[in-house]
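The values are calculated or read from the model by the stated rules, or taken from the named source; none is laboratory data. Keep in mind it's a predicted model, so treat the numbers as computed, not measured. Glycine gets a Cβ as well: all are built from the backbone with ideal geometry, and neighbour counts include every protein chain shown. Protein only, heavy atoms only, side chains kept; ligands, DNA and RNA dropped before computing areas. Shrake-Rupley method; radii C 1.70, N 1.55, O 1.52, S 1.80 Å.
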Amino acid sequence: MSHLAHNYDPLPVDLARADGAWAWDAGGKRYLDLLAGYSALNFGHRHPALVAAAHRQLDTLTLTSRAFGHVLLEPWADRLAALTGTSMVLPMNTGAEAVETAIKTARKWGYDVKGVPDGEATIVVGAGNFHGRTTTIVSFSTDDDARRGFSPYTPGFRVVPYGDAAAVEDAIDDTTVAVLLEPIQGEQGVVVPPEGFWPRVRAACDANDVLLVADEIQSGLGRTGTTLALDLWGVRADLTTLGKALGGGVVPISAVVGRADVLGVLTPGTHGSTFGGNPLACAVSLAVLDLLETGEYQERAKTLGEVLHDALGELVADGLLAASRGVGLWAGLDVPVGAMPDDAGAGDAAPGRVLCEALLARGVLAKEAHGRTVRLAPPLVVEEDDLRWGLTQLRAALTPPR
Ligand SMILES: Cc1ncc(COP(=O)(O)O)c(C=O)c1O
């Protein structure tokens, strides 16, 4: 019997090594990685600059805790603030921790600055959200698997339909301290809100003295063709959560970046983390910032994204996909009813999973989001020819046998 807990159901492959957009199993079979660690591997596997930064730092200093400073922490915060156009940075480790930090900050800002009566702060969130797995975060999940069995739930959240600006406006009242949303919902299947949604949400927050908190843990750091996904709409959040690619797939590091007057409500003793902003993570993350500052990866996401969306559009036109959507090098696709073996059309069958297994057999790594939806997030370093090869495999996997 396996000693591994059953909280995942991975595809049947055990990877042994990887380089760039490619990974190999122990038997030497090669796979094109079109998931990229849910966007943690935006720069591919083992990017030489990131690996070199990690090696150098391992020989120097790995952990200080925040009881002491270290020479990389302030430079890292300065560079991340400059890249994201923000004025304060708070380091953590995982995405969920960054979201928890943003929730705590927004609540404290609500009590200390906005004047909401203690215990009454509310935060507006979107249906279909994914922000992580802590007890507070799953309290406002609308995914039954993520939520059920983990009560009692943390109160103080109002769920509205994602992409519905009027619903956001209606949910805001005097107790509201923040609107917390993903710019584009990744786990939900790369759901892009309607045009006009983001400027209207920003305006509603401004009109009601409410913080806009953008969870860019999956959408940020180049994935959509811009440094932050909200740049696509010219909207700035008050707080932004970052994670995944911030550590280049080498180390976990996350952050909340935003307004100094908002993050400034946290004072010594109110929040922290032993590993948050450790020297090893900062060294790798500084090398990530070197890559992002060139703009090259954002540009690759944009141009390769056209190749991706053109190919998916053709699959939809040919009836091999029910729908596709997304921005940059990021796409959600829906498998048509009956396209996969044993798919009787029952809403909750797993044709997305069946497609991912067919892709695996063809040497392509992808992961279903849920039901009949599959998400593609190739590393931004993928070569155009390799991406086209992967899309050819997708077409073949979707084409019924003759
Ligand atoms: C938008 C978003 N927020 C938060 C998280 C949680 O990140 P982590 O798994 O590092 O806790 C994820 C992970 O998929 C995510 O996509």
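The listed residues are ALA317, ALA322, ALA350, and the only one of them that is more than 30 Å from ALA16 (Cα to Cα), in contact with an Asp or Glu (Cβ under 8 Å, 6 or more places away or on another chain) and not acidic (Asp, Glu) turns out to be ALA322. Among the residues of the range 225-240 satisfying the criterion of being of a type outside the set (A, V, I, L, M, F, W, C) and either within 25 Å of PRO48 (Cβ to Cβ) or away from the ligand (no atom under 13 Å from the Cβ) (or both), which is surrounded by the fewest Cβ atoms within 10 Å (Cβ to Cβ)? Checked the range 225-240; the qualifying residue surrounded by the fewest Cβ atoms within 10 Å (Cβ to Cβ) is GLY234. Cβ separations smaller than 7 Å between residues 6+ apart or across chains give the following pairs from the range 161-180 residues that are more than 13 Å from ASP206 (Cα to Cα) to residues that are in a loop (DSSP other than H, G, I, E, B) and among the charged types (D, E, K, R): THR175/GLU120. For the range 108-135, the tally of residues that are open to solvent by less than 20 Å² (accessible area, probe 1.4 Å) and within 15 Å of the ligand (Cβ to nearest atom) stands at 7. With respect to TYR153, is the statement that it is over 25 Å from the mean Cα position of the chain (by Cα), away from the ligand (no atom under 16 Å from the Cβ) and either surrounded by fewer than 21 Cβ atoms within 10 Å (Cβ to Cβ) or modelled with pLDDT under 95 (or both) true? Here the answer is no, as TYR153 does not meet what is asked.
Checked against (1) more than 19 Å from ALA102 (Cβ to Cβ); (2) in contact (Cβ under 8 Å) with a residue 60 or more places away in the chain, PRO199 meets all criteria but (2). In the range 253-266 there is at least one residue that is within 16 Å of the ligand (Cβ to nearest atom) and either open to solvent by 60 Å² or more (accessible area, probe 1.4 Å) or part of a loop (DSSP other than H, G, I, E, B) (or both).
Go through the residues of the range 241-250 one by one and say whether even a single one is more than 22 Å from HIS55 (Cα to Cα), modelled with pLDDT of 95 or more and of a type in the set (Lys, Arg). No: the range 241-250 contains no residue that is more than 22 Å from HIS55 (Cα to Cα), modelled with pLDDT of 95 or more and of a type in the set (Lys, Arg). Of the residues making up the range 170-185, just one is closer than 29 Å to TYR38 by Cα and open to solvent by 10 Å² or more (accessible area, probe 1.4 Å), namely GLU182. Does ASP144 satisfy the condition of being more than 13 Å from the ligand (Cβ to nearest atom) and closer than 30 Å to GLY371 by Cα? Taking the combined requirement at face value, the residue satisfies it.
Pairs please, first residue from the range 207-219 and in contact (Cβ under 8 Å) with a residue 40 or more places away in the chain, second anywhere and surrounded by fewer than 24 Cβ atoms within 10 Å (Cβ to Cβ) and charged (D, E, K, R), Cβ atoms under 8 Å, 6+ apart in sequence or on different chains. If the second residue must be surrounded by fewer than 24 Cβ atoms within 10 Å (Cβ to Cβ) and charged (D, E, K, R), the pairs left are ASP209/LYS114; GLN218/GLU187. Scanning the range 97-111 for residues that are of a type in the set (Gly, Ala, Ser) and more than 18 Å from ASN278 (Cβ to Cβ) returns ALA102, ALA106, GLY110. With respect to the conditions (1) within 16 Å of the ligand (Cβ to nearest atom); (2) in a loop (DSSP other than H, G, I, E, B), ALA245 lacks only one, and its number is (2). Meeting the requirement of 3 or more residues that are among the aliphatic types (A, V, I, L, M) and over 17 Å from TRP330 (Cβ atoms), the helices (runs of 4 or more DSSP H) wholly within the range 136-224 are 165-171, 197-208.
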